Amino acid sequence: MKILTLLSRLIDYPNDTLYAHGDDVVDFIANDKLLSQADKSALMAFIEQRFNDSLLDWQSDYDGLFERGRSLSLLIYEHLHGESRDRGQAMVNLLAQYRAAGLDIGVRELPDYIPLFLEFASTQGEQNAKGWLEDIAPILALLAVRLEKRNCNYSALFTTLVSLSGAQIDMQALREQVKDEKRDDTKKALDKVWEEEAVTFGGDAINGGCPTNAAKPSESQRRDQDVPIQFIDAANAPVSTGELRS
């Protein structure tokens, strides 16, 4: 499902390589046979605005959206497990799924980073890809309505992913759910998180020890590379003995 590769790039931190190929992105979406006309229109509007902005403005907007607070985190298990121990094991299991498919992570990102997950799903054939998307559709839908609430056109990317998954999600119910949510990306909200963050010494990150930020992307993770995320062949990938999907 090649459209997932493109959506992965658009959700990832915008870089020079992507920005230089705006016309190719338009052509790809226009000719894709899996997208509905409504999703194509929404994606085209997103592309028109983002590629007509300067790259620096786009990057600044991206930072403000996805790198502050947790409500718009692009880490799947942050929404499911928060900072609990279950999150560490879930990432270990997901990484094992990647390797069972003969793939390994070729950049410094956590396994549950959504663009990386989409890159993986795009290699698994259309039906398997839809299954993987369906597994995380509730999270994608939640991100879509939170972005929509902020009048941000990034919501189009996540709405499109929900459509491609085929999952039946009550978007209106989610809109009601987030209607009264308070923003967690303000200076006051961020300061409160740091004040309340417990520090535990004597263990590793997965088991609750210090450092507490080991499961979060660093500020430099997406800024220190001008190449898109990618998988590499796993030289010693274990042989899968079961289903790919968990």
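The values are calculated or read from the model by the stated rules, or taken from the named source; none is laboratory data. The structure presented is a predicted model; accordingly, all values stated were derived computationally and were not measured. With ideal geometry, Cβ positions are generated from the backbone for all residues, glycine too; neighbour counts draw on all protein chains shown.
Check the stretch 53-69 and report whether any residue there is among the small types (Gly, Ala, Ser) and without any contact (Cβ under 8 Å) to a residue 60 or more places away in the chain.
yes
Run down Leu75, Leu43, Leu34, Leu6 and say which single residue is within 12 Å of Leu157 (Cβ to Cβ) and either touching a residue at least 60 places away in the same chain (Cβ under 8 Å) or polar (S, T, N, Q) (or both).
Leu43
Within the stretch 159-177, identify whether any single residue is touching a helix residue (DSSP H, G or I) at 6+ places or on another chain (Cβ under 9 Å), surrounded by 15 or more Cβ atoms within 10 Å (Cβ to Cβ), not in a helix (DSSP H, G or I) and not polar (S, T, N, Q), and answer yes or no.
Taking every residue of the stretch 159-177 in turn, at least one turns out to be touching a helix residue (DSSP H, G or I) at 6+ places or on another chain (Cβ under 9 Å), surrounded by 15 or more Cβ atoms within 10 Å (Cβ to Cβ), not in a helix (DSSP H, G or I) and not polar (S, T, N, Q).
Are any of the residues in the stretch 122-131 within 12 Å of the chain's Cα centre (by Cα) and within 30 Å of Gln37 (Cα to Cα)?
No, the stretch 122-131 has no match at all.
Condition check ((1) in contact with a Pro (Cβ under 6 Å, 6 or more places away or on another chain); (2) closer than 24 Å to Ile169 by Cα; (3) not aliphatic (A, V, I, L, M)) across all residues:
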| position | (1), (2), (3) |
| --- | --- |
| Lys33 | no, yes, yes |
| Ser36 | no, yes, yes |
| Ala42 | no, yes, no |
| Phe46 | no, yes, yes |
| Trp58 | yes, no, yes |
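Just the residues that are surrounded by fewer than 20 Cβ atoms within 10 Å (Cβ to Cβ) and touching a helix residue (DSSP H, G or I) at 6+ places or on another chain (Cβ under 6 Å), please, taken from the stretch 80-90.
The answer is His81, Ala90.
Would you confirm whether or not the stretch 89-108 contains a residue that is modelled with pLDDT under 95, charged (D, E, K, R) and under 14 Å from the mean Cα position of the chain (by Cα)?
No; the residues of the stretch 89-108 include none that is modelled with pLDDT under 95, charged (D, E, K, R) and under 14 Å from the mean Cα position of the chain (by Cα).
Give, as residue ranges, the helices (runs of 4 or more DSSP H) completely inside the stretch 13-91 that count at least 1 residues that are more than 17 Å from Asp112 (Cβ to Cβ).
Hits in the stretch 13-91: 16-19, 22-31, 37-52, 55-66.
Please specify each residue of the stretch 103-131 satisfying the condition of being outside any strand (DSSP E or B), in contact with a strand residue (DSSP E or B) (Cβ under 8 Å, 6 or more places away or on another chain) and surrounded by fewer than 20 Cβ atoms within 10 Å (Cβ to Cβ).
Gly106, Thr123
Out of Val162, Val145, report the one residue that is within 24 Å of Ala42 (Cα to Cα), in contact with a Lys or Arg (Cβ under 6 Å, 6 or more places away or on another chain) and without any contact (Cβ under 8 Å) to a residue 60 or more places away in the chain.
Of the residues listed, the single one that is within 24 Å of Ala42 (Cα to Cα), in contact with a Lys or Arg (Cβ under 6 Å, 6 or more places away or on another chain) and without any contact (Cβ under 8 Å) to a residue 60 or more places away in the chain is Val145.
If you take the residues in the stretch 1-39 that are exposed (fewer than 15 other Cβ atoms within 10 Å of the Cβ) and charged (D, E, K, R), which one is farthest from Phe120 (Cα to Cα)?
Asp23
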